[in-house]
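> Attaching a single structure in structure tokens format; questions to follow.
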């Protein structure tokens, strides 16, 4: 993991100087790595919505997923591990918390974010009649803000007593 981290950090830090007056290095790293993960997630969401799930309700037996919901859950399955790696090793490497606690807290926050994203997406698509792709872009902006604060102060906090 450190080898990959050692490759990613210099790339991110190369682009940091113009943003130095606006963001701390940690906030910039979060924005850049989180932004890359959001682009990955939206690419998976839009690709799977348009080509894999389009027009098909996925019946799981106990619940039927609309195509926009199925695409969201598939996207989550990929972006969850990628996001955790980036948060743990690139953005918040100085956290005092053990990796197991970080993973558990990250998972809790991601579950909350997934639920928030799903509810907002459902409202946008099914009630406000917004096309799923722009609706997902709108929900992403809300979820990203909530996620950053939760990850900073809960999952990967670096200030305080060692747990």
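Every number in this text was worked out from the coordinates using simple rules, so none of it is lab data. Note that the coordinates shown come from a computational prediction; the quantities given were computed from them, not determined experimentally. Using ideal geometry, Cβ is built from the backbone for each residue, glycine included, and neighbour counts are taken over all protein chains shown.
> Let's test the formula: R0 of 35 Å, r as the Cβ-Cβ distance of residue 60 and residue 101. What FRET efficiency results, to the nearest 0.05?
On the way: r = 31 Å, r/R0 = 0.90.
The calculated FRET efficiency here is 0.65.
> Hey, got the Cα dimensions of the chain along the principal axes, in Å, largest first?
46, 36, 29
> If you find the alpha carbon centre of segment 13-40 and of segment 52-86, how far apart are they in angstrom?
Here the answer is 27 Å between Cα centres.
> With labels modelled as points extended 7 Å from the Cα through the Cβ direction, what inter-label distance (nm, one decimal) is found for residue 52 paired with residue 77?
0.6 nm
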